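Before any comments, here is the structure.
The values are calculated or read from the model by the stated rules, or taken from the named source; none is laboratory data. The model shown is predicted, which means the values in this text are computed figures rather than measured ones. Here the Cβ positions follow ideal geometry from the backbone for every residue, glycine too, while neighbour counts run over all protein chains shown.
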Amino acid sequence: MPIAGTTPNITVVSSSVRGTKSISKFDMVKSFWQLPRDVASQELMSFMTEDTVYTPNWVAQGAMVSAIDFQMQMQDVMALMLQRNDLVCVDDVIIFAPSVEEFLQALKEFFIILRDRRLKMSAAKSSLFQLYGAAN
């Protein structure tokens, strides 16, 4: 099981996708703008200009912990599917399954999560379906 907030390492990926026959890759559109920051931590990311103080209510891109923060939130969003049919690497989500039937069920589950969380993926940077003949 991966440590929360870390990107998957090759051992985790290899063991998770072993036997996979179908795979999809999705890339989020303006990913950091899509996930809200918890109200309790918004003030921590505040910054001041000569005119005012800005407090972002989304994950701020470019801060020292932004990628880890975003990774943790995406792992939380995808928790039900994580390692079973899903891998998350910052703003990329990979859906996989050992059979076409399980893959279609995993895609359905994934799209329900996207709809419920109002997350948007880039059609141009995503691959909906790839079939592999002999995956290890």
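The table that follows gives values for the structure above.
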{"read-out": "Qualifying residue in region 63-80 (condition: closer than 17 Å to residue 25 by Cβ, in contact with an Asp or Glu (Cβ under 6 Å, 6 or more places away or on another chain), of a type in the set (A, V, I, L, M) and part of a loop (DSSP other than H, G, I, E, B))", "value": "yes"}
{"read-out": "Only one of 119, 114, 87 that is of a type in the set (A, V, I, L, M, F, W, C), under 12 Å from residue 26 (Cβ atoms) and assigned to a helix (DSSP H, G or I)", "value": "114"}
{"read-out": "Total residues in region 1-36, condition in contact with an Asp or Glu (Cβ under 9 Å, 6 or more places away or on another chain), among the hydroxyl-bearing types (Ser, Thr, Tyr) and at pLDDT 75 or above", "value": "1"}
{"read-out": "Number of the condition not met by residue 102 [criteria: (1) more than 18 Å from the chain's Cα centre (by Cα); (2) modelled with pLDDT of 80 or more; (3) not in a helix (DSSP H, G or I)]", "value": "(3)"}
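So that you can scan it fast, the table gives a plain yes or no per residue for (1) crowded, with 17+ Cβ neighbours inside 10 Å; (2) acidic (Asp, Glu); (3) under 30 Å from residue 18 (Cβ atoms); (4) at pLDDT 80 or above:
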site	(1), (2), (3), (4)
51	no, yes, no, yes
61	no, no, no, no
67	yes, no, yes, no
71	yes, no, yes, no
98	no, no, yes, yes
106	yes, no, yes, yes
127	no, no, yes, yes
